[in-house]
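What follows is a short report on a single structure.
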Number of protein chains: 2
Amino acid sequence: MQSKMESRYIRGVGMTKFGVEDRSTMSFSQEAISKALADADMKVGELDAVVVSTVDSKMNDERQRHYAAMVASIIKRKIPIIRIEAVCGGGGAAFWGACRMKFNNMLVLGVDKVAGAPTPIVTQEIMHAGDNFWEQEEGLIFPAINALVAQKYFSQYGATHADLELISFKNHANGAKNPNAYFYKKPVTLEKIRESQMIATPFNLFDCSISVNGAAAAIISHDKADIKVKASALHTDCLAPFERDSLTEWSATKYAAKEAFKQAALTPKDIHVAEVHDAFTIVELLAYEDLGFAKKGEGAKLIREGIVNLDGKLPINPSGGLKARGHPISPTGVAQLVELADQLRGRCGERQVRRANVGLAHNIGGAGGTVTVHILEKR
Amino acid sequence: MQSKMESRYIRGVGMTKFGVEDRSTMSFSQEAISKALADADMKVGELDAVVVSTVDSKMNDERQRHYAAMVASIIKRKIPIIRIEAVCGGGGAAFWGACRMKFNNMLVLGVDKVAGAPTPIVTQEIMHAGDNFWEQEEGLIFPAINALVAQKYFSQYGATHADLELISFKNHANGAKNPNAYFYKKPVTLEKIRESQMIATPFNLFDCSISVNGAAAAIISHDKADIKVKASALHTDCLAPFERDSLTEWSATKYAAKEAFKQAALTPKDIHVAEVHDAFTIVELLAYEDLGFAKKGEGAKLIREGIVNLDGKLPINPSGGLKARGHPISPTGVAQLVELADQLRGRCGERQVRRANVGLAHNIGGAGGTVTVHILEKR
């Protein structure tokens with residue numbers, strides 16, 4: 001058991017709108033930090049430490065690597081600040097790390113700027129999250145890896161692309177109701193999803209999440225607050241999927257989920273709402289199973305029967321997920337926790353989930369290389 | 001006080017030789033991990049978690065960003081692995097982070113490959129550790145920033161380049177005795193140091209540390225072992241030196257040192273041996289003062305009077321430091337702890353410090369942006 005974690009609470013959360021706005025990462029960071037502090041009713045002087053997650057990217061023209069010191073410049077405080085990075089799973093990993101450190105009030109910040117760069121640069125930069133030597137040299141960039149996972153899943157379990165279309169449709173329907181989502185007020189029809197351009201068989205454009213800019217922040221504390229961190233688990237798997245036992249069961253998710261439910265003394269049935277890592281539609285489908293919400297091979301039932309819809313029994317990705325809120329890399333894992341905190345507090349307006357007292361966040365780095373699972377509870 | 005850290009011990013250490021050998025980072029990592037495990041008399045199956053530090057660099061052709069998952073591939077274990085990165089201070093920051101997490105046996109690994117890339121690429125990549133917008137656009141790359149610090153220090157306190165030459169000479173003399181150092185068996189004369197090419201007034205080539213490849217590892221544990229981690233402190237300052245109160249006192253070092261001595265209930269007088277971050281000779285001189293080994297403005301006395309020489313009262317950088325062992329970025333902070341553990345255990349042969357029971361390590365990221373101070377004690 002990796003727990004022995006002391007009681008932790010979320011005192012406040014904040015995020016920027018995710019989108020293609022061309023501002024500096026410092027500006028995105030400042031906005032998210034200010035909103036989280038205001039939400040927690042705290043002054044910056046009350047922070048004891050910061051964990052920041054950001055990829056070290058050439059995708060924007062800032063050319064900055066030493067982001068802990070940049071955060072020091074933003075908050076003008078002499079406190080410990082470190083950077084924890086795990087590519088697309090960086091936000092969750094930073095929160096996990098912060099949960100393990102004995103500072104009273106810790107800020108967790110995810111920030112990145114991905115939109116706007118030329119596509120070949122973005123593709124190349126994102127590829128660095130996966131295996132270069134064995135896989136990418138053979139053409140296995142992320143859409144291709146995940147497309148192979150989908151093909152394997154279809155042949156093993158009989159699901160079809162129609163199931164993935166429903167996942168995309170659901171997440172766009174939710175995102176259209178989220179003012180922080182890139183696709184806010186831009187619902188997408190099933191027909192448009194079906195007819196979008198092919199990316200890598202069986203994926204078309206609407207199976208893939210969208211690269212955006214933004215920042216998200218959360219303040220965790222030893223002091224009691226209304227949102228309790230019931231569980232915090234992280235697991236790691238080898239880099240290249242070809243090295244794994246299975247393409248269609250991601251062991252890092254399974255291990256992290258098992259650990260998280262053990263820490264929380266809960267089962268998957270106790271979860272009221274979840275944010276899962278839908279970098280590609282198939283990844284959300286696998287998450288249903290690897291997190292324990294469905295038996296192996298039966299995940300598609302959850303979307304076919306509407307169980308994971310906003311008005312279903314277990315709404316998944318009410319924020320719109322990576323698909324429709326957008327995926328700015330490191331902020332994603334923190335934004336999931338922002339959404340859960342807002343859901344548990346009943347602040348989500350049009351996309352509010354009924355009876356949301358216990359929420360689960362699932363964030364992935366790479367094709368299943370680093371996975372965090374967090375469970376939050378409204379006290 | 002950032003402490004509340006539970007008792008931690010170093011069970012084993014290991015490192016590769018630092019140099020220009022052209023091997024994969026995986027190969028360097030594997031060697032350092034194997035050596036640390038052997039030193040600890042542990043099997044890889046006994047590890048409970050890993051913190052890895054590596055820069056996310058284009059300086060080598062591996063193009064890999066997701067290093068936690070690469071470590072999973074090396075150790076073939078399903079355990080939590082995270083990456084903590086703080087440019088040149090990454091090794092110390094990773095150790096600091098690991099000290100705060102409640103896993104029984106944690107591996108801390110620093111690995112990077114810097115040598116061999118074309119100089120403009122290395123320069124550009126290293127620049128990402130500093131402020132791009134306000135400083136580097138004006139020509140303030142790291143040698144230039146530190147040269148300005150030296151000029152300011154000379155004018156304020158009356159030291160001269162002759163003092164810096166003595167620091168370089170001492171570190172080369174020590175490194176010549178360290179089989180893991182790049183300059184092993186390659187002592188350098190004072191004449192050669194004086195006559196080397198100008199880099200940025202007042203620096204010549206021998207004021208600057210050398211970029212190398214390598215890895216270093218340490219295993220820390222709750223289980224009692226002969227080396228105790230008496231203190232672990234990290235502080236952060238803003239990115240650009242122009243924003244600071246002083247160019248010649250680095251506050252992150254001062255805060256981290258104050259915190260570390262408080263945790264250890266020791267004073268600077270209690271330290272028998274230290275590894276300090278001599279990225280440039282002036283940085284070692286400032287460290288004498290900011291760590292409390294000398295009064296402000298009087299640091300040069302320590303080198304003039306031979307106090308910090310290998311046979312002096314307080315030997316500093318017996319390993320040869322960044323100057324002569326070499327500076328592979330993230331491994332540096334871990335290698336300092338490897339050297340201290342070896343010194344405290346009396347395993348350093350020709351460069352063994354007499355009566356070394358308490359050692360201090362001081363690692364910097366950027367031009368004073370992130371600083372860690374660790375104090376180790378032989379039980």
Compute the FRET efficiency between residue A:156 and residue A:124 as 1/(1 + (r/R0)^6), taking r as their Cβ-Cβ distance and R0 = 30 Å, and round to the nearest 0.05. 0.40
Would you order A:39, A:245, A:48 from fewest to most other beta-carbon atoms within 10 Å of each residue's own beta-carbon? A:245, A:48, A:39
Taking only C-alpha pairs under 8 Å that are 6+ residues apart, what is the relative contact order of the stretch B:27-139 in percent? 33 percent
Please label the shape of the stretch B:138-294 as rounded, prolate or oblate, based on the square roots a ≥ b ≥ c of the eigenvalues of the alpha-carbon gyration tensor (a/c under 1.5 means rounded; beyond that, a/b larger than b/c means prolate, else oblate). oblate
Rounded to the nearest 5, what is the percent of antiparallel bridges among the DSSP beta bridges in chain A? 75 percent
Which residue of chain B is nearest the rotation axis onto chain A, counting by its Cβ, and what is the distance in whole Å? B:56, 2
Distances in nm between the label point of residue A:20 (7 Å along Cα→Cβ) and its equivalents in the other copies, shortest first, are 4.7
Put a label point 7 Å from Cα along the Cβ direction on residue B:118, then list its distances to the equivalent points in the other copies in nm, shortest first. 1.7
Rounded to 0.05, the calculated FRET efficiency for the beta carbons of residue B:224 and residue A:141 at R₀ = 60 Å is 0.80
With label points set 7 Å from each Cα along the Cα-to-Cβ direction at residue A:23 and residue A:296, the distance between them in nm comes to 4.7 nm
What share of the DSSP beta bridges in the protein assembly as shown is antiparallel, in percent to the nearest 5? 75 percent
Can you give me the relative contact order of the stretch B:190-309 as a percent, contacts being Cα pairs under 8 Å and 6 or more apart? 20 percent
What net charge do the residues around residue B:375 carry, taking every other residue with its C-beta under 10 Å from that of residue B:375, with Lys and Arg at +1 and Asp and Glu at -1? 0
Between residue A:194 and residue A:265, what length in nm is gained on full extension when 0.36 nm per residue of separation is reduced by their alpha carbon distance? 21.4 nm
Determine by what factor the alpha-carbon radius of gyration of the stretch A:30-106 differs from 2.2 N^0.38 Å, reporting the quotient. 1.11
Taking chain A and dividing mean pair separation by its residue count, relative contact order in percent (alpha carbons under 8 Å, at least six apart): 27 percent
For the stretch B:220-266, just list the percent of Cα-Cα distances falling in each 5 Å bin from zero outward, please. 5, 19, 20, 15, 15, 10, 7, 5, 3
Quickly estimate the mean residue ellipticity at 222 nm for chain A, helices only: each DSSP H run with n ≥ 4 gives -39500 (n - 2.57), and the total goes over all residues, rounded to 500. -10000 deg cm²/dmol
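No lab work stands behind these numbers, since they all come straight from the coordinates. The shown structure was predicted, so the numbers you read here are calculated from the model rather than taken from an experiment. Heads up, the Cβs are rebuilt from the backbone with ideal geometry, glycines too, and the neighbour counts pull from every protein chain shown.
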